[in-house]
Amino acid sequence: MRILVTGAAGFIGSAFVRNLLADAYAGWEGARVTALDKLTYAGNRANLPAADPRLEFVRGDVCDLGLLRELLPGHDAVVHFAAESHVDRSLAGAAPFFRTNVLGTQTLLDAVLDSGVPRVVHVSTDEVYGSIAEGSWTEDRPLLPNTPYAASKACSDLVARTYWRTHGLDVSVTRCSNNYGPYQHPEKLIPLFVTHLLEGRQVPLYGDGRHIREWLHVDDHCRAVHLVLDRGRAGEVYNVGGGNERTNRAVTERLLELTGSGPEMVRHVADRKAHDLRYSVDESKIRDELGYAPRTGFEEGLAATVAWYRDHPDWWKAAKYGAGRARG
Ligand code: NAD
């Protein structure tokens with residue numbers, strides 16, 4: 001079995017590859033991995049094993065059709081994580097988001113068709129649905145993205161659907177809620193706040209902190225991606241969520257406790273433009289059809305994540321103060 005993983009040096013892609021190489025996924029034991037990543041500010045080669053006979057790392061761009069045509073033949077599947085992923089950056093400049101997320105997905109799927117790779121999973125996000133005050137989105141809800149990031153992901157999500165509908169490509173889409181865990185770039189809320197608090201710095205909480213997110217440990221997301229890869233149906237979308245809804249204020253308060261910090265460490269900053277109030281996915285489809293259930297409780301997972309950042313200052317300081325500087 002050979003699998004090509006795009007965005008494999010990022011937060012979620014690298015977790016998927018590490019788990020795959022550790023034979024965590026039934027039916028994919030011994031699989032060989034081609035890890036393709038452009039190594040933008042968000043990608044880090046050190047997120048993957050330095051040397052593993054089953055791993056080949058290729059630095060490259062998902063917009064590079066020639067490279068993809070060279071690489072893809074002989075693979076049994078592609079899992080497509082590569083994206084520009086940070087909402088705040090998309091507000092500052094949307095062009096790289098549409099280039100990588102939309103054109104990159106279209107280029108990748110064209111190359112998949114050319115090379116005859118039989119199976120693709122496209123990793124999308126719950127942010128394509130927009131914001132929901134009450135209840136949860138099922139997969140058939142309209143896409144109403146509110147930020148350039150979410151719009152670019154919605155476009156790529158629909159590119160995947162059209163390649164199934166028009167070309168018969170065996171592609172499934174996952175739409176997952178907010179992930180947390182080790183190796184997440186410290187521009188994102190949880191690692192930004194944890195690392196600021198570990199440095200004794202105040203954390204910048206948007207608005208009044210009432211925005212609600214549904215948190216899922218990255219390993220649970222990756223297990224869901226594997227289930228969809230293995231048994232998901234072509235042309236179908238699968239929501240993935242954790243059921244752990246928390247306001248940003250509640251998450252912040254828990255992080256203060258876990259790092260032994262006081263309430264004076266929170267600094268309220270002007271709200272993000274078009275800040276979605278709440279995300280919530282209905283994940284009954286993946287539970288009923290594929291037997292998916294998250295395994296990591298939020299409290300336990302968050303404590304382990306804080307401990308990981310405490311134990312890996314070299315990793316997060318390089319990401320935070322290197323080329324890809326974090327907000328705040
Ligand atoms: P990330 O920013 O940590 O990683 C993205 C990776 O893609 C990086 O390694 C980067 O170098 C690489 N990349 C960027 N542009 C590229 C290009 N043109 N060609 C090749 N590689 C490129 O993001 P993440 O949090 O790991 O997210 C991975 C995927 O999961 C994304 O598609 C994202 O939209 C989706 N997702 C993320 C979350 C979340 O909470 N983080 C939730 C749901 C869905």
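The values are calculated or read from the model by the stated rules, or taken from the named source; none is laboratory data. Given the structure is predicted, the values throughout are model-derived calculations rather than measurements. All Cβ positions, even for glycine, are placed from backbone atoms using ideal geometry, and neighbour counts span all protein chains on display. Note: accessible area is taken over every heavy atom of the protein model, side chains too, but ligands, DNA and RNA are not part of it. Shrake-Rupley method; radii C 1.70, N 1.55, O 1.52, S 1.80 Å.
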Scan region 1-17 and report the pairs whose first residue is over 14 Å from LEU229 (Cβ atoms) and whose second residue is more than 10 Å from the ligand (Cβ to nearest atom) and among the acidic types (Asp, Glu), with Cβ atoms within less than 6 Å and a gap of 6+ or a chain change. none
Condition check: open to solvent by 30 Å² or more (accessible area, probe 1.4 Å) and within 15 Å of the ligand (Cβ to nearest atom). Does LEU91 satisfy that? no
Taking region 119-136, which residues are among the charged types (D, E, K, R) and open to solvent by 10 Å² or more (accessible area, probe 1.4 Å)? ARG119, GLU127, GLU134
Any residue in region 288-295 that is open to solvent by less than 30 Å² (accessible area, probe 1.4 Å) and farther than 21 Å from GLU187 by Cβ? yes
Between a residue in region 112-133 that is in contact (Cβ under 8 Å) with a residue 24 or more places away in the chain and any residue that is of a type in the set (Phe, Trp, Tyr) and assigned to a strand (DSSP E or B), which pairs come within a Cβ distance under 6 Å, given they are 6 or more apart or on different chains? TYR129/TRP137
Filter region 45-88 down to residues that are in a helix (DSSP H, G or I), more than 10 Å from the ligand (Cβ to nearest atom) and open to solvent by 40 Å² or more (accessible area, probe 1.4 Å), then give me how many there are. 5
In region 275-289, anything more than 18 Å from the chain's Cα centre (by Cα) and aliphatic (A, V, I, L, M) is listed as LEU277
So ARG32 clears everything in (1) basic (Lys, Arg); (2) out of contact with any Leu (no Cβ under 9 Å at 6 or more places or on another chain); (3) more than 14 Å from the ligand (Cβ to nearest atom) except one condition, right? Which one? (2)
Pick out, from region 163-278, the helices (runs of 4 or more DSSP H) lying fully within it that include 2 or more residues that are open to solvent by less than 50 Å² (accessible area, probe 1.4 Å) and over 20 Å from THR305 (Cα atoms). 218-231
Residues that are open to solvent by less than 30 Å² (accessible area, probe 1.4 Å), assigned to a loop (DSSP other than H, G, I, E, B) and closer than 20 Å to LYS188 by Cα, drawn from region 1-44: GLY7, ALA8, ALA9, GLY10, GLY43
Can you tell me which residues in region 112-130 are within 18 Å of the chain's Cα centre (by Cα) and of a type outside the set (Asp, Glu)? VAL120, VAL121, HIS122, VAL123, SER124, THR125, VAL128, TYR129, GLY130
Do we find a residue being outside the structural domain of ASN101 (by TED's automatic domain parsing), over 20 Å from THR296 (Cα atoms) and more than 16 Å from the ligand (Cβ to nearest atom) anywhere in region 189-197? yes
Select the helices (runs of 4 or more DSSP H) contained entirely in region 279-326, then report the ones holding at least 2 residues which are small (Gly, Ala, Ser). 298-311, 313-321
Within the set of pairs 6+ apart or on separate chains, which have a first residue in region 71-85 that is assigned by TED's automatic domain parsing to the domain that holds LEU113, a second that is near the ligand (Cβ under 6 Å from one of its atoms) and part of a loop (DSSP other than H, G, I, E, B), and C-beta atoms under 6 Å apart? PHE81/GLY7; ALA82/GLY7; ALA82/VAL62
Identify all residues within region 10-29 that are among the polar types (S, T, N, Q) and either within 12 Å of the ligand (Cβ to nearest atom) or in contact with a Ser or Thr (Cβ under 9 Å, 6 or more places away or on another chain) (or both); write none if there are none. SER14
Is it the case, given these coordinates, that GLY7 is on the phi > 0 side of the Ramachandran plot and more than 10 Å from the ligand (Cβ to nearest atom)? no
